[in-house]
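Data first, discussion second: the structure below is written as structure tokens.
The values are calculated or read from the model by the stated rules, or taken from the named source; none is laboratory data. In this text, all values refer to a predicted model and were calculated from it rather than measured experimentally. So basically every Cβ, Gly included, is an ideal-geometry build from the backbone, and we count neighbours across all protein chains shown. Side chains included, ligands, DNA and RNA excluded: accessible areas come from the protein's heavy atoms. Shrake-Rupley method; radii C 1.70, N 1.55, O 1.52, S 1.80 Å.
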Amino acid sequence: MSATANLAPMAPGTDEATVTPLVRLANVQKSFGAVKVLDGVSFEVERGEVAVIIGQSGSGKSTALRCIDALEKFEQGTIHVCGHAVHDKDLDRRALRRDVGIVFQSYNLFPHLTVEQNIMLAPTCVKSMRKAEARELARTALARVGLADKATQYPEQLSGGQQQRVAIARSLAMMPKVMLFDEVTSALDPQLTAEVLKVMEGLARDGMTMILVTHEMGFARKVASKIIYMYRGKVWESGPASMLDQPQTKELSMFVGTGLK
Amino acid sequence: MGTFSSTHFLFLAVAALWTVALTAIAFIGGGLAGFAVALARISGNRILRGIAIVYIQIIQGTPLLILLFLIYFGVAVIGFKTVPALLAAGVGLTVYSSGFLAEIWRGCIQAVPKTQWEAAECLALTRWQRMTRVILPQALRMATAPTVGFLVQIVKNTSLASVVGFVELAQAGKLINNSIFEPFTIFIVVAGFYFAICYPLSLWSRSLERKLNVSHR
């Protein structure tokens, strides 16, 4: 399938190859009222890496992810994403969002549009792409998530797993340089989870830079090039996937001990 | 004194057309103004939002009758010549409708989940694109039934325009009654006309509600 190549992330060596890493958080701090959700979070993600953020509920994983896409404000620290300074007051949010794709737990497809129209919306609106061209792109993106036959259906006619795959395709069609996944399988049963994870594994294999928050430890072991374990708003431990087998802290050891392997 | 004749009936039928015309003026004018107020009501600008809230509160907290008096007689007091009845009634009903439609539509726009805004924002759509391509199409579906429902209210409330001397259906009934004094017959016919206008609208509203509630589409 030659068209699929169009959706591959930008190869290293092009414009921002000099700006490594692709995503860098430095001492990010954020409070919700008196609660400090992010307490000096720092980590880096290189181009082509798959970073998996794990941790208990309330440890700040999702908030950290949302900060990267400027969906949450943070009080201190800096975040650089694909050359955009997210902490900057003059941040061009739309430019940031052209480079960053995000997929949510609740899919958030547009219910009044067909699957294909959902995917075509941003390319036609934001990139002024012609309808025919956008439709072609949508079909390619759908084929990539294994839903080529669902183009003209409405989201409500699909299963949760299929909706989530459409959401991934919608994001992919904008050809982001980084993709963020915020607990994208948490609302799905094991079978549907598996089909979504398969799609994500394919993306990882194709070299997409990905940051994901997940509770699927098996998946984390399989695809992660870097694991970030968060505890009480801090990066408690981070390293390659193998670190799950030799936890350095008792918190991580308890977390993987009680979690599903 | 005569009795109720076909001439009278014709007179009422013409007046009923004026009722429909006044309703159309109020609905179109009130719709345009109300949409602007609804947008102001949810705008990011605090001042704009404040003005919209005060406007809606004042309109919803004032009887339409008083509003019509204010426009018809109040304007004359400030020093202008008397306002034509159609203008006074049209403006009064427009203002009244805008206050209510703004609030109905504001509710529908805000009933679209926040996550839809967020998803559209994350696809790099501009605020205008988010509004027109994602939020409004969904809000419109929710708004159709209550909007048509309110249209029925407007039809009935045009009867108040009679107080500023505008000859619509209710005023026409009064005029005929003054000459032949058969209130029961006359006002039954008047009520029949109102019902003939409103009932199809009610039916339409209910069928819309059924149709649009089945799916989100």
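State which residue is nearest to the chain's Cα centre (by Cα) when the search covers only region B:62-98 and only residues that are hydroxyl-bearing (Ser, Thr, Tyr) and modelled with pLDDT under 90. Ranking the candidates gives B:TYR72 first.
Matching residues to (1) of a type in the set (Ser, Thr, Tyr); (2) open to solvent by 20 Å² or more (accessible area, probe 1.4 Å):
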{"position": "A:MET179", "(1), (2)": "no, no"}
{"position": "A:THR193", "(1), (2)": "yes, no"}
{"position": "A:MET208", "(1), (2)": "no, no"}
{"position": "A:ILE211", "(1), (2)": "no, no"}
{"position": "A:TYR229", "(1), (2)": "yes, no"}
{"position": "A:THR249", "(1), (2)": "yes, yes"}
{"position": "A:VAL256", "(1), (2)": "no, no"}
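Being open to solvent by 20 Å² or more (accessible area, probe 1.4 Å) and under 18 Å from the mean Cα position of the chain (by Cα) holds for only one residue in A:LYS234, A:LYS222, and it is A:LYS222.
Whether a residue is farther than 13 Å from B:PHE100 by Cβ, of a type outside the set (Val, Ile, Thr) and surrounded by 14 or more Cβ atoms within 10 Å (Cβ to Cβ) was assessed, and B:ARG49 passes this test. Looking across region A:83-111, just one residue is in contact (Cβ under 8 Å) with a residue 60 or more places away in the chain and more than 13 Å from chain B (Cβ to nearest Cβ), and that is A:GLY83. State whether one or more residues within region B:143-152 are within 14 Å of chain A (Cβ to nearest Cβ), closer than 30 Å to A:THR124 by Cβ and in contact (Cβ under 8 Å) with a residue 24 or more places away in the chain. Yes: one or more hits. Do you know which of the residues in region A:136-170 that are touching an Asp or Glu at 6+ places or on another chain (Cβ under 7 Å) and outside any helix (DSSP H, G or I) is most open to solvent (accessible area, probe 1.4 Å)? Among those residues, the one meeting the criterion is A:THR152. State all residues of region B:84-126 that are touching a Phe, Trp or Tyr at 6+ places or on another chain (Cβ under 9 Å), within 14 Å of chain A (Cβ to nearest Cβ) and not hydrophobic (A, V, I, L, M, F, W, C); if no residue qualifies, say none. Matches in region B:84-126: B:THR115, B:GLN116, B:GLU118. With respect to (1) at pLDDT 95 or above; (2) farther than 18 Å from B:TYR96 by Cβ; (3) open to solvent by less than 40 Å² (accessible area, probe 1.4 Å), the lone exception for B:LEU17 is condition (3). Close contacts from region A:71-82, counting a first residue that is of a type outside the set (A, V, I, L, M) and a second that is open to solvent by 50 Å² or more (accessible area, probe 1.4 Å), with Cβ to Cβ under 6 Å and a gap of 6+ residues or different chains, come to A:GLY77/A:ASN27; A:THR78/A:HIS87; A:HIS80/A:ARG24. Scanning region A:46-82 for residues that are in a loop (DSSP other than H, G, I, E, B), within 12 Å of chain B (Cβ to nearest Cβ) and not small (Gly, Ala, Ser) gives A:ASP69, A:LEU71, A:GLU72. Condition check for B:ALA139 on (1) open to solvent by less than 20 Å² (accessible area, probe 1.4 Å); (2) within 14 Å of chain A (Cβ to nearest Cβ); (3) over 20 Å from the mean Cα position of the chain (by Cα): one failure, at (3).
Every condition in (1) under 19 Å from the mean Cα position of the chain (by Cα); (2) surrounded by fewer than 21 Cβ atoms within 10 Å (Cβ to Cβ) is met by A:LYS127 except one, and the failing one is (1). Applying the set (1) touching a residue at least 24 places away in the same chain (Cβ under 8 Å); (2) charged (D, E, K, R); (3) open to solvent by 80 Å² or more (accessible area, probe 1.4 Å) to B:ARG41 leaves exactly one unmet item: (3).
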